[in-house]
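The next block holds one structure in the form of structure tokens; read it before the comments.
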Amino acid sequence: MKMVIQALSSMLFVMFAENLVLSHGHGATELIFVAHRPKIALLDGAVLTAATTVCGIVYWFFERVVSRFEIIWPVHALLFMIVLAVLYLIFVGILRNVLTGIYIKVSRGLTVTLINSLVFSVPFIIAFEAHDFLDSVALGVGAGLSFIIAAVLLSAGQRALNNPDVPEVFKGLPVQLIYMGILSMVFYAFAVH
Amino acid sequence: MRREKIVSKLRLALKLLNDGIWRHNAFVVHAVGVFPLVASGVTLKNAVMLSAVTAFVLVVTAVGVSFLGKGIARSIKWAVCAVLSAAAQVPAMLLADRFSDSTYTALEFTLILLCVNTLLYFRRDMVEVNKGPFIAFVSAIANGIGFAVVICIVSLFREIVAFGTVWNYKIPFGGWHHPAALPFAGFFTLAFLIAAYKGVLGLFSKPGKGDEK
């Protein structure tokens, strides 16, 4: 029971107290990319959550094997990148051959969804925060859900961002970044207090 | 015939330099690499180190992938890109560790994450990578400089406002708002920089020929 509560609190931590996307900027490029395609934002988020969860699970076992050897951090990261590249190919293969309907919808931005700084931030968080296997799975799921929360918030504000009163030079990307900055400030205040 | 080929390649190289640094700077036009800009673009020293590493990683990855040929599936090219960029970062990180102890801690985590972000630029630049090593090299250099310009401006501004320093040297003004070093200030600074870029670009563009997305 204690482990489950610990896992849940870890998940909530990366979703709200330290929202990885808005508090730290992980996956911000992907978020902006998704904002231009609001119809499939949730589907993109679901694929990303699957990627971060699998990444969390794989990293847990990867760490158990690699920690037996004395490897410097850059090489450690390189080895995990190789694992991540293989996972990416497996993901693309499964989506293309098994979940074809989803693949057609998300294929345009699939690489950005599966290889981005949010997915790659999961091992770092697990290295510092995870206490056990369940915890690392929860952190993986939480990382993906933090993206979905950010995507929903950004989509919700999209209508206000298209306001004609916004000065010409601020239309598009700048006003979107300002909105993300305000959301980031909210999450920062949430984390501090 | 051969001279014409060289001239056309040089023309393309100049166009790529102009696009990467100014006209279609991926970091301000497509918001590529927002994470390193927001999280690590806090001091000029960090920015210069990040820029050097980015340029190195981009060149190694772009030239490496350009040797793969056109017949290979896009997804495999992406996987190779990811591994190549992480491999290129190993010496870059060791070098950063040797020459700059103070920045290494800040860079430690962002360097590897950055490589993934820089990869994203290849999403649109795969075309240039397919045109051979020389064009891939020029494109990577152009985008490296483009990133350097953006992150250095953002970092310089945030360093002055947050700490009242430039390259860690105290200056007679600045140091007003410490939160300028926090990620949310990074979003704001980048937003204003992009708005300024659009404004300046608008001055030089002919009416109706904007580069808006």
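Sub-7 Å Cβ pairs linking a first residue in the stretch A:25-36 that is more than 7 Å from chain B (Cβ to nearest Cβ) and under 21 Å from residue A:188 (Cα atoms) to a second residue that is polar (S, T, N, Q) and part of a loop (DSSP other than H, G, I, E, B), at least 6 apart or interchain, are A:27/A:116; A:30/A:116, ordered by first then second residue.
Filter the stretch B:169-186 down to the residues that are open to solvent by 90 Å² or more (accessible area, probe 1.4 Å) and either free of Cβ contacts under 8 Å to residues at least 12 places away in the same chain or assigned to a loop (DSSP other than H, G, I, E, B) (or both), then identify the one that is nearest to the other protein chains (Cβ to nearest Cβ). Don't jump to the end; show me each part of the working.
Within the stretch B:169-186, the subset open to solvent by 90 Å² or more (accessible area, probe 1.4 Å) is B:169-170, B:172-173, B:176-178.
Still in the running and either free of Cβ contacts under 8 Å to residues at least 12 places away in the same chain or assigned to a loop (DSSP other than H, G, I, E, B) (or both): B:169-170, B:172-173, B:176-177.
Numbers: B:169: 27, B:170: 27, B:172: 29, B:173: 24, B:176: 17, B:177: 13 Å.
So, considering only residues that are open to solvent by 90 Å² or more (accessible area, probe 1.4 Å) and either free of Cβ contacts under 8 Å to residues at least 12 places away in the same chain or assigned to a loop (DSSP other than H, G, I, E, B) (or both), the one nearest to the other protein chains (Cβ to nearest Cβ) is B:177.
Selection of the stretch B:9-33 for residues being modelled with pLDDT under 85 and within 27 Å of residue B:178 (Cα to Cα) yields B:27, B:31, B:32, B:33. A residue that is under 19 Å from the mean Cα position of the chain (by Cα), within 14 Å of chain B (Cβ to nearest Cβ) and assigned to a loop (DSSP other than H, G, I, E, B) cannot be found anywhere in the stretch A:92-100. Scan the stretch B:5-30 residue by residue and report those that are surrounded by 12 or more Cβ atoms within 10 Å (Cβ to Cβ) and of a type in the set (Val, Ile, Thr). Hits for the stretch B:5-30 are B:21, B:28, B:29. The set of residues in the stretch A:144-161 being within 13 Å of another protein chain (Cβ to nearest Cβ) and buried (at least 24 other Cβ atoms within 10 Å of the Cβ) consists of A:147, A:150.
Residue A:169 satisfies every condition listed in (1) in contact (Cβ under 8 Å) with a residue 60 or more places away in the chain; (2) open to solvent by 20 Å² or more (accessible area, probe 1.4 Å); (3) at the interface with chain B (Cβ under 8 Å from one of its Cβ atoms) except (1).
Please verify whether the stretch A:173-193 includes one or more residues that are free of Cβ contacts under 8 Å to residues at least 12 places away in the same chain, of a type outside the set (A, V, I, L, M, F, W, C) and within 8 Å of another protein chain (Cβ to nearest Cβ). There is at least one residue in the stretch A:173-193 that is free of Cβ contacts under 8 Å to residues at least 12 places away in the same chain, of a type outside the set (A, V, I, L, M, F, W, C) and within 8 Å of another protein chain (Cβ to nearest Cβ).
The values are calculated or read from the model by the stated rules, or taken from the named source; none is laboratory data. Predicted model only: the values in this text are computed from it and were never measured. Backbone-built Cβ (ideal geometry, glycine too); neighbour counts: all protein chains shown. Only protein heavy atoms, including side chains, enter the accessible area calculation; ligands, DNA and RNA are left aside. Shrake-Rupley method; radii C 1.70, N 1.55, O 1.52, S 1.80 Å.
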